[in-house]
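Q: Have a look at this one.
Values quoted throughout were computed directly from the atomic coordinates according to the rules given, and no laboratory measurement underlies them. As the structure is a computational prediction, the values presented were derived from the model and not from experiment. Cβ: placed from backbone, ideal geometry, glycine included. Neighbour counts: every protein chain shown.
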Amino acid sequence: MIDKINVGISDDNEEFLNNISKIFPIYNLSFRFIKKDGQKIVEDIEKYGPDFIVMNLFMPKIDAIGVMNKTYNKYSMKTKFIILSNFINQTIEKEAISSGASFIMVKPFEVSELANRILQMSKIMSQNLNMPEVKDSTELKVTKILHQIGIPAHIKGYHYLRNSIVESVNNPEIINRVTKSLYPMVAKRYKTTSSRVERAIRHAIEIAWDRGNFDVLNNYFGYTIHSLRGKPTNSEFIAMISDKLRLQFEEIIGN
């Protein structure tokens, strides 16, 4: 478990900041306030390497998309981004998620809801800290692919998919035992049921097909997009991404 969660919060609403000061200590969250300025947030990430940054979508100098583009890969995705906005649409959501946002919250909302969301996401982070080093590298690549495809990071199917693909990269035979082995393994990790894992993954794939990045989808699933077969099955989705990653790793080793 993560002993202390470090959160950088960038906003200029005094009531919101006052509520943070009152409520976050109750949740054992360590926090500091950052000026509502994209450049200041970049500097804060470079200096402190926070676990979370909570920032507005639109800010002076650099907006949230620019902040994530400047820091997301550079700092190995240690910092998770929660975006605040007065409104949201599919285009903005897709761009934010593909740039590295883990969650988007539409104002107004309760500060306790933000605190709970950070705690929930931290549990996933702490589970990942126990993975072997080679698995961490695989997970970073899978995370980047899922973001590029456009699957929102805050839905359960995103996390189930990521774990399933990582497991399939390291254990290719498991793709032939998705129902009997893979789903139960993921379900046990997240303390849920195999049927819920299956449904959540299906939902994530449907979102990708409805709102995802067409070029990335075409790169991985071109034969599906351009045929009458429709969306890939859960097994096909997992198998195609894991196969492509495995080939990349083999090429690196071969070189």
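Q: Report the local net charge at K94: Lys and Arg +1, Asp and Glu -1, summed over other residues whose C-beta lies under 14 Å from its C-beta. Intermediate results must be reported in sequence, preceding the final value.
A: Values: positive: R211; negative: E93, E95, D210, D215.
Computed value for this residue: -3.
Q: How far is it, in nm, from the label point at Q90 to the one at K144 when both lie 7 Å from their Cα along the line to the Cβ?
A: Label at Q90, label at K144, 2.8 nm between them.
Q: I would also like to ask the following. What dipole magnitude, in Debye to the nearest 20, does the stretch 5-128 give about its Cα centre under +1 on Lys/Arg Cβ and -1 on Asp/Glu Cβ? Don't jump to the answer; show the numbers that get you there.
A: Working: 15 positive and 14 negative charges, 73 e Å.
Here the size comes out at about 340 debye.
Q: I'd like the FRET efficiency for N69 and K180, computed as 1/(1 + (r/R0)^6) with the beta carbon distance as r and R0 of 35 Å, rounded to 0.05. Mind showing how you got there, number by number?
A: Values: r = 42 Å, r/R0 = 1.19.
Efficiency, from the Cβ-Cβ distance: 0.25.
Q: Taking each pair of different alpha-carbon atoms in the stretch 5-128 once, compute 1/r for the pair, average those values, and report the inverse of that mean as the Kirkwood hydrodynamic radius in Å to one decimal. It would help to have the intermediate numbers written out before the result.
A: Values: mean 1/r = 0.0694 Å⁻¹.
Hydrodynamic radius (Kirkwood, Cα pairs) of the stretch 5-128 is 14.4 Å.
Q: Taking K and R as +1 and D and E as -1, what net charge do the other residues with C-beta under 14 Å from the C-beta of L161 add up to?
A: Details: positive: K141, K144, K156, R162, R189, R196, R199, R202, K231; negative: E139, E167, E198, E206, E236.
Computed value for this residue: +4.
Q: Follow-up question, since we're still on this one. Report relative contact order for the stretch 5-128 in percent, whole number only (criteria: Cα-Cα under 8 Å, sequence separation at least 6). Don't skip to the end; give the middle numbers.
A: Details: 181 pairs, mean separation 29.7, N = 124.
This gives 24 percent for the stretch 5-128.
Q: Something else: What does the stretch 1-63 give for Rg and for Dmax, in Å, if only its C-alpha atoms count?
A: Cα-based Rg and Dmax for the stretch 1-63 come out at 11.9, 36 Å.
Q: I need the calculated FRET efficiency for the pair K188 and S21, taking r as the beta carbon distance and R₀ as 41 Å, to the nearest 0.05.
A: Working: r = 39 Å, r/R0 = 0.95.
Using R0 = 41 Å, I get an efficiency of 0.60.
Q: Given a Förster distance of 41 Å, report the FRET efficiency between S195 and D215 from their Cβ-Cβ distance, rounded to the nearest 0.05. Display every interim value, and only then the final one.
A: Numbers: r = 33 Å, r/R0 = 0.81.
Rounded to the nearest 0.05, the efficiency is 0.80.
Q: At 0.36 nm per residue, minus the direct Cα-Cα distance, what do T233 and E46 gain on full extension? Give it in nm, one decimal, please. Display every interim value, and only then the final one.
A: On the way: separation 187, 0.36 × 187 = 67.32 nm, distance 4.10 nm.
Value of the extension gain: 63.2 nm.
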